[in-house]
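J.: Below is the structure I would like to discuss, written out as structure tokens.
The numbers here are math on the coordinates, done by the rules we state, and not lab data. What you see is a predicted model, and the numbers here were worked out from it, not measured in a lab. Here the Cβ is made from the backbone with ideal geometry for all residues, glycine too, and neighbour counts use every protein chain on show.
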Amino acid sequence: MSTQPTKQGRGRPVTTDPAAVGLTALRLFSEQGIDRVTMDQVAAEAGISRSNLFRVFPSKAAVVWGGMHNFTTELAKRLETEKAATVVQLLHHSWVDAMHVADNSLETVRLRLKIIGSSPEVYGWGQGQLDQARQVLEDAVIRFGGDALRAKAVSAAMLSASVAILIWWAETDDPRTPSEILDYGFSDFESLFS
């Protein structure tokens, strides 16, 4: 039996922490402006190769809007299990509960929202993901017994209110968590739409 050494790849394997890389990119975007920062600069600052960066974040939009898919998935779960007396209470409590996924990464969430709030172009990058969240809300309103028009109106208003509340939170450096500020802001929303 011959013992031949196992051939290893060149260099050492790189383990990339998406949260750390994302925060590095967001800090650069915030400090220098998103248009002036290249993905090469992000990779260098994060200490990873360009190809490794693009495996984690294929674009600047993916960095800024990262986490939205996880939030929408969590929102859908909450809307399925939450019990409420009115559809607005259902949306309110499910949205706030789902937002707890962001409470452990306040700096990242705040930087993302500041960047989103500062540029219509960057805000536009997330329209597909916002539409997915709106559709999840709309489906919940219909399941609750609302007609298609009410579902569209309430879900669009809820999404718009949420974005406005969260951008305000980010820009004012309010000390509350995103879920706390949404709960506070949605209380007014609930009284208007119930």
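J.: For the chain, with a Gaussian network of springs between Cα atoms less than 10 Å apart, report the residue from 165, 142, 116 with the top mean-square fluctuation.
T.: Looking only at 165, 142, 116, the biggest GNM fluctuation is shown by 142.
J.: Now a separate question. Give the distance, in whole Å, between the Cα centre of region 166-184 and the Cα centre of region 12-53.
T.: Rounded to whole Å, the Cα centres lie 26 Å apart.
J.: Here's something else I'd like to know. To the nearest 20 Debye, how big is the dipole of region 58-140 about its Cα centre, given +1 on the beta carbon of each Lys and Arg and -1 on that of each Asp and Glu?
T.: Dipole size: approximately 220 debye.
J.: Might you report the magnitude of the Cβ-based charge dipole of region 92-169 about its Cα centre, with Lys and Arg at +1 and Asp and Glu at -1, to the nearest 20 debye?
T.: Around 120 debye, computed over region 92-169.
J.: So what's the back-of-envelope 222 nm ellipticity for the chain, counting only DSSP H runs of four-plus at -39500 (n - 2.57) apiece and dividing by all residues, rounded to 500?
T.: So the calculated ellipticity at 222 nm is -22500 deg cm²/dmol.
J.: Residue by residue, what Karplus-based ³J(HN,Hα) values in Hz, rounded to whole numbers, does region 112-117 have, using 6.51, -1.76 and 1.60 with θ = phi - 60° and x for Gly and Pro?
T.: Result, rounded to whole Hz: 4, 5, 4, 5, 4, x.
J.: Let me ask something else about it. Assuming a ≥ b ≥ c are the square roots of the Cα gyration tensor eigenvalues, decide whether region 117-194 counts as rounded (a/c under 1.5), prolate (otherwise, with a/b larger than b/c) or oblate.
T.: Judged from the Cα gyration tensor, region 117-194 comes out oblate (a/c at least 1.5, b/c at or above a/b).
J.: Shifting gears a bit: With the Cα gyration tensor of region 19-71 giving a ≥ b ≥ c as the square roots of its eigenvalues, does the rule (a/c under 1.5 for rounded; else a/b larger than b/c for prolate; else oblate) give rounded, prolate or oblate?
T.: Cα axes put region 19-71 in the oblate bin.
J.: Mind listing the phi-derived Karplus ³J(HN,Hα) values for region 32-46, rounded to whole Hz, using 6.51, -1.76 and 1.60 with θ = phi - 60°, and x for any glycine or proline?
T.: 10, x, 4, 6, 8, 9, 9, 5, 4, 5, 4, 4, 4, 5, 7
J.: Return the sequence-ordered ³J(HN,Hα) values of region 100-111 in whole Hz as given by the Karplus equation 6.51 cos²θ - 1.76 cosθ + 1.60 applied to θ = phi - 60°, using x for Gly and Pro.
T.: Here the 3J(HN,Hα) series is 4, 4, 8, 5, 8, 10, 4, 4, 4, 5, 5, 5 Hz.
J.: What is the magnitude of the charge dipole of the chain about its Cα centre, with +1 placed on the Cβ of each Lys and Arg, -1 on the Cβ of each Asp and Glu, and no other charges, expressed in debye to the nearest 20?
T.: Roughly 920 debye for the chain.
J.: Net charge near residue 146: determine it from the other residues with C-beta under 13 Å of the C-beta of residue 146, scoring Lys and Arg +1 and Asp and Glu -1.
T.: So the environment of residue 146 carries a net charge of 0.
J.: Please give the FRET efficiency for residue 173 paired with residue 81, using the beta carbon to beta carbon distance and R0 = 25 Å, rounded to the nearest 0.05.
T.: Here the calculated transfer efficiency is 0.15.
J.: Order 80-87, 132-139 from most to least packed using the mean count of other Cβ atoms within 10 Å.
T.: Peptide ranking by packing, descending: 132-139, 80-87.
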